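Below is one structure; the comments refer to it alone.
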């Protein structure tokens, strides 16, 4: 149902109003359109929960606009691909939902624990645009500056999305509903808002249902395969043997943890984030728990790590989506542009590791 909310927003045309509103605030800076794209991706992610949906939606709006202002193709496509990865980081995240269901952790705690890490990564990705434009001043020309009156008038265009996000987070924070009930409520309210604003046509409604079914079937097939694989591992006792073998190594826990992170980085480069998460959790999750790490914190770390693979070769699913939507920007150009943002992920992981309580646990522990 979180997917359906995002589809309603997409076919309801919220992507255009969202991009226009954020442009009025950031468009006049060097690389302002790229920053606008990243901020728009972050806001759209608050109701989407999918990186591919965010990539496809924002590509249709952002790429033509940046072409019009003569943005370099690497900055153009790279900013869309990097911003789209926020689709599975900012709550409601499909990856965190599946992680919570698989490990038995509170989805509300996972969502709230993800707020600060998502904000840190969003700021770092936006800061990367400033760095790129400092290194290559001609890559991101300034756009026209909007007046303060125009900026204030643009705020109502963002209210619907903030209302939906606030409903989801407040309901989960207070514990009055489950994650499923919060998704159903936000879905119903999202549809009502689209109808009231006259943004969603009948054909758009049908396409929303169709796309949601397609994505949901894909997710369920991945989950089904992962469950079978998990049963196989349980019968062979491979996770327990691996946990015992790793625990017997004469390495500190932090070294073992970074070995696991490296495995997730490599796995995220060659497999879809959700698929690799479900395949790897039966092996690594018991090891992490045995080492004494918090499962909520670990979920945030691997969510960022595996998502980084969405902009790295050879798979880089977000890069493929952006290249497919742009048509005249080669895949290699998209990959080269997205690689500028890899340090942002590495810094985010380092911050989460050095300050686990301040970044994750302080908010997740507030959830009832």
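Selection over the stretch 326-343 of residues that are modelled with pLDDT under 85 and buried (at least 18 other Cβ atoms within 10 Å of the Cβ) gives a count of 1. The requirement of being over 19 Å from residue 83 (Cβ atoms), in contact (Cβ under 8 Å) with a residue 40 or more places away in the chain and more than 18 Å from the chain's Cα centre (by Cα) is fulfilled somewhere in the stretch 106-120, by at least one residue.
Annotation: residue 357 fulfils all but one of (1) modelled with pLDDT under 85; (2) in contact with a helix residue (DSSP H, G or I) (Cβ under 8 Å, 6 or more places away or on another chain); (3) in a helix (DSSP H, G or I); the unmet one is (2). For the stretch 132-149, the set of residues classified as loosely packed, with under 14 Cβ neighbours inside 10 Å and part of a helix (DSSP H, G or I) consists of 134, 135, 148, 149, listed by residue number. Across the stretch 33-78, what is the number of residues that are part of a loop (DSSP other than H, G, I, E, B) and surrounded by fewer than 21 Cβ atoms within 10 Å (Cβ to Cβ)? Looking only at that region, the number is 3. Looking for whichever is in contact with a helix residue (DSSP H, G or I) (Cβ under 8 Å, 6 or more places away or on another chain) and either at pLDDT 75 or above or not in a helix (DSSP H, G or I) (or both) here; the options are 177, 219. Which one fits? Residue meeting the stated conditions: 177. For the stretch 250-281, what are the residues that are outside any helix (DSSP H, G or I) and either in contact (Cβ under 8 Å) with a residue 40 or more places away in the chain or closer than 21 Å to residue 311 by Cβ (or both)? The answer is 271, 272. Among the residues of the stretch 91-131, the ones that are outside any helix (DSSP H, G or I) and closer than 19 Å to residue 358 by Cβ come to 2 in all.
The values are calculated or read from the model by the stated rules, or taken from the named source; none is laboratory data. Only a predicted model underlies this, so the values are computations on that prediction, with no experimental measurement involved. Methodologically, a virtual Cβ is constructed for each residue, glycine included, from the backbone with ideal geometry; neighbour enumeration extends over all protein chains shown.
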